[in-house]
Amino acid sequence: MSSGEIDRRTVVRAAALAAATSGGVLLGGGPAAARGVPSLVRRGRPELTHGVQAGDVHAGQATRWGRADRPARLVAEVSRDPSFRRAVSVPGPRVTPDTDLTGQWAVRGLPPGTDVHYRLRAVDLHDPRRSGRPISGRLRTLGGRRRDVRFLWSGDVAGQGWGVNPDLGGFRIADAMARRDADFFLCSGDTVYADGPVQASVPLSDGRTWTNLVTEEKSKVAETLAEYRGQYRYNLEAENWRAFLASTAQVTQWDDHEVTNNWYPGEVLDDARYTERRVDVLAARARRAFHDYVPVAEISPDRVGRVYRVLHQGPLLDVFVLDMRTHKDPNTAGDETSGDGGVLGAEQTRWLLRELRASRATWKVIAADLPIGLVVPDGSSAQEGLAQGDAGAPRGREIDIAQVLTALQDAGIRNHVWLTADVHYTAAHHYSPDRAAYQRFDPFWEFVSGPLNAGAFGPNRLDATFGPRAEFVAAPPMPNTGPADGFQFFGEVEIDAATEALTVTLRDVDGRALHTRTLEPHAR
């Protein structure tokens with residue numbers, strides 16, 4: 001294969017097979033669905049409305065995403081060349097109101113270890129000669145020969161009343177993240193704040209005013225499917241966030257605010273803002289909106305719609321994406337003495353341990369949407385997180401984590417690093433059995449980042465069950481400090497191909513390095 005072209009037959013054959021067989025490709029209805037919405041038919045050519053995205057790049061494939069302004073077919077052009085010489089055209093799905101005119105599909109046969117350029121356009125369903133303006137994006141594939149790896153992670157987007165600020169291009173932190181030229185971005189949950197309305201302006205303590213873009217869906221808590229979908233469209237109104245997502249493929253998990261604060265299955269809300277208070281009903285609508293708007297590959301083995309999965313990124317890195325929300329048990333004081341799979345569930349735990357044992361990558365990054373040792377209360381007596389502040393033996397959800405940590409020790413897996421967000425500040429935690437009440441595990445690191453664009457809080461208290469020590473903490477001077485004051489954070493992970501050392505850098509809203517930690521790999 002020459003350096004200027006992609007294996008055309010491989011890409012087209014794989015795309016055709018995906019279009020014929022994958023339920024994740026044919027997301028919308030057929031022509032009948034399109035004919036059923038004459039109010040959406042406009043004159044002119046169909047256009048894309050909210051930029052382009054790519055997600056879950058692995059094994060020579062990536063999931064593309066776009067949204068049209070009317071029923072249409074999405075088409076991608078793919079090339080190694082940013083000028084799109086020798087581009088391969090890959091037809092995508094028809095988009096209809098059934099998916100809010102969004103569509104995503106897997107493009108396979110991508111070359112390893114290179115930048116891949118793509119551009120999407122919407123094509124008229126009745127006249128393929130009529131198509132809208134293309135929008136370009138870029139992703140980077142890993143694998144193949146050994147090469148350095150760099151990726152970012154964070155979470156918490158547009159929460160606590162801090163929304164899209166047109167004066168800053170959308171989200172202030174997006175520009176700093178784009179400058180890092182990362183291989184991919186791991187979003188550790190709270191991708192939207194469906195329970196967080198915004199107002200047009202927020203007065204700041206120093207006399208300044210924070211300006212928010214306000215949409216109909218973002219002016220109240222989300223309850224209907226349309227309102228949940230509107231949360232994702234709202235974030236994509238941020239021009240610099242769209243640009244970042246177009247240039248950096250994402251790996252995304254979800255947490256609580258995609259539905260409502262601190263939710264768990266079976267919960268019934270006591271919140272006057274909601275007319276629909278059954279969380280299971282809200283979660284079903286939120287899950288559908290999440291999958292409409294976030295490019296997630298259909299590679300999870302789960303049978304009930306959870307989004308845990310593993311992404312193999314070449315010889316240096318495997319990323320294990322957890323779902324710690326869908327199976328979560330009720331928020332109690334967390335003092336149960338027997339494990340019930342209350343955060344991962346038995347099936348996900350078996351999957352995680354099986355995949356970790358099978359991994360041949362040097363580093364195993366475990367993407368957790370809840371931190372391990374931080375106490376995160378839910379009200380005056382219940383616990384939202386895994387820890388509960390008792391320094392003794394594992395209780396409640398800690399029992400699940402103890403099982404995983406001990407199994408890692410038994411399997412001789414030392415090179416695991418845990419990444420999370422959730423608590424709206426940034427920190428580096430070292431866990432050691434030498435300081436722990438529970439000692440059947442090997443030392444490891446957990447790094448915390450966020451928020452991306454939300455109120456900053458913390459720091460939270462550490463629970464001593466697994467012996468954590470905060471080696472670094474950066475938190476705001478007061479609760480709900482907004483992006484204007486700078487307490488927004490993202491993390492960066494780099495793996496050196498020659499030494500296999502993994503370096504974590506915690507960065508601020510402008511990209512400045514606050515803390516750096518280099519970890520040497522243990523012999524395998």
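The values are calculated or read from the model by the stated rules, or taken from the named source; none is laboratory data. Model, not experiment: these values are computed from the prediction. Every residue, glycine among them, receives a Cβ derived from its backbone with ideal geometry; neighbour counts consider all protein chains shown. Ligands, DNA and RNA are excluded from the accessible area calculation, which covers all protein heavy atoms including side chains. Shrake-Rupley method; radii C 1.70, N 1.55, O 1.52, S 1.80 Å.
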Check: Which one is surrounded by the fewest Cβ atoms within 10 Å (Cβ to Cβ) among residues in the stretch 260-302 that are touching a helix residue (DSSP H, G or I) at 6+ places or on another chain (Cβ under 8 Å) and of a type in the set (Lys, Arg)?
Finding: 288
Next item on the list: Quick one: count up the residues across the stretch 446-471 that are under 30 Å from residue 235 (Cβ atoms) and either small (Gly, Ala, Ser) or touching a Leu at 6+ places or on another chain (Cβ under 7 Å) (or both).
Entry: 8
Notebook entry, point to check: open to solvent by less than 60 Å² (accessible area, probe 1.4 Å) and part of a loop (DSSP other than H, G, I, E, B), is that true of residue 127?
Noted result: yes
Next item on the list: Being in a strand (DSSP E or B), within 27 Å of residue 300 (Cβ to Cβ) and of a type in the set (Asp, Glu) narrows it down to one of 98, 56, so name that one.
Entry: 56
Item checked: Residue among 382, 368, 407 that alone is open to solvent by less than 20 Å² (accessible area, probe 1.4 Å) and under 26 Å from the mean Cα position of the chain (by Cα) -> 368
Check: Would you pick out the residues in the stretch 170-203 that are open to solvent by 30 Å² or more (accessible area, probe 1.4 Å) and assigned to a loop (DSSP other than H, G, I, E, B)?
Finding: 172, 180, 181, 197, 199, 200
Notebook entry, point to check: Any chance the stretch 451-465 includes a residue that's open to solvent by less than 20 Å² (accessible area, probe 1.4 Å), in contact with a Lys or Arg (Cβ under 7 Å, 6 or more places away or on another chain) and farther than 30 Å from residue 166 by Cβ?
Noted result: no
Checklist line | Condition met for residue 87 (open to solvent by less than 30 Å² (accessible area, probe 1.4 Å) and within 22 Å of residue 49 (Cα to Cα)) | finding: no
Next item on the list: Select from the stretch 332-356 the residues that are open to solvent by 20 Å² or more (accessible area, probe 1.4 Å) and more than 23 Å from residue 187 (Cα to Cα) and list them in ascending order.
Entry: 332, 333, 335, 336, 337, 338, 339, 340, 346, 347, 350, 354
Next item on the list: Just need a number here: residues in the stretch 204-218 that are open to solvent by 60 Å² or more (accessible area, probe 1.4 Å), part of a loop (DSSP other than H, G, I, E, B) and either touching a strand residue (DSSP E or B) at 6+ places or on another chain (Cβ under 9 Å) or hydroxyl-bearing (Ser, Thr, Tyr) (or both).
Entry: 1
Next item on the list: Take the stretch 414-432 and flag every residue that is modelled with pLDDT of 95 or more and in a loop (DSSP other than H, G, I, E, B).
Entry: 415, 421, 422, 423, 424, 425, 432
Next item on the list: Have a look at 471, 492 and point out the one that is open to solvent by 30 Å² or more (accessible area, probe 1.4 Å) and modelled with pLDDT of 95 or more.
Entry: 471
Notebook entry, point to check: If we scan the stretch 500-510, do we find a residue that is open to solvent by 30 Å² or more (accessible area, probe 1.4 Å) and either in contact with a helix residue (DSSP H, G or I) (Cβ under 7 Å, 6 or more places away or on another chain) or farther than 30 Å from residue 361 by Cβ (or both)?
Noted result: yes
Check: Could you say which residue among 406, 337 is more than 29 Å from residue 278 (Cβ to Cβ), modelled with pLDDT of 95 or more and of a type in the set (Ser, Thr, Tyr)?
Finding: 406
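A quick yes/no check of all residues on (1) without any contact (Cβ under 8 Å) to a residue 12 or more places away in the chain; (2) outside any strand (DSSP E or B); (3) not basic (Lys, Arg):
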residue: 447; (1), (2), (3): no, no, yes
residue: 451; (1), (2), (3): no, yes, yes
residue: 471; (1), (2), (3): no, no, yes
residue: 477; (1), (2), (3): yes, yes, yes
residue: 484; (1), (2), (3): no, yes, yes
residue: 488; (1), (2), (3): no, yes, yes
Margin query: Could you go through the stretch 111-120 and let me know if any residue there is in contact (Cβ under 8 Å) with a residue 40 or more places away in the chain and surrounded by fewer than 16 Cβ atoms within 10 Å (Cβ to Cβ).
Written below: yes
